[in-house]
Amino acid sequence: MWEFLRKLFRKPSVKSIKSVKNGKSSNSRISQADEIRKYAKTQFIIPARKKGGARVSFTSKDIHQGMDLQSRYPQVCASIDSKKFKEFARVELIKREGPQQGATARWTFKL
């Protein structure tokens, strides 16, 4: 019984207070990788489909600058290289050029 009361009346942690102030709850957090995939889809894939294009090409630098990220090229590359991105955006990778992790990594997708 004491354990139940202790949990009920414990002080909230600093982390949970900051997340509430920022408007984020711990349950509804989206990972940065998912944010990168979503950005790539909304900024490159969807507009190319609307224009009737058959292919779309972009670099990790395009995403990095567009999202105003700081030193996240490895994460951008990993997010776009993942199978999850291809399924999420419903695209097929045609060509992958450049370094594994860097600003000049370029993808060309079939829409």
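Read the figures in this text as sums done on the coordinates, not as results from a lab. Note that the coordinates shown come from a computational prediction; the quantities given were computed from them, not determined experimentally. Reconstructed Cβ throughout: ideal geometry from the backbone, glycine too, with neighbour counts over all protein chains shown.
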(request) Taking a cut-off of 17 Å between Cα atoms, list the aspartates and glutamates near Lys38, but don't count ones fewer than 8 places away on the same chain. (result) Asp62, Asp68, Asp81, Glu87, Glu92
(request) Return the distance in nm (one decimal) between the two label points of a simple spin-label model at Arg96 and Arg55, each offset 7 Å from Cα along Cα→Cβ. (result) 1.7 nm
(request) Please work out whether the range 27-110 counts as rounded, prolate or oblate from its C-alpha gyration tensor, where a ≥ b ≥ c are the square roots of the eigenvalues and a/c under 1.5 means rounded, while otherwise a/b larger than b/c means prolate and anything else oblate? (result) oblate
(request) Find the relative contact order for the range 36-110 and round it to a whole percent, using C-alpha pairs within less than 8 Å whose residues are 6+ positions apart. (result) 36 percent
(message) With a cap of 10 neighbouring Cβ atoms within 10 Å, and only residues DSSP puts in a loop, list the trypsin sites (Lys or Arg not before Pro) found in the range 26-94.
(response) Arg29, Lys51
(request) Calculate one ³J(HN,Hα) per residue across the range 85-96 by plugging θ = phi - 60° into the Karplus curve 6.51 cos²θ - 1.76 cosθ + 1.60, and present them in order as whole Hz with x for glycine and proline. (result) 5, 4, 6, 5, 8, 6, 10, 10, 6, 9, 8, 10
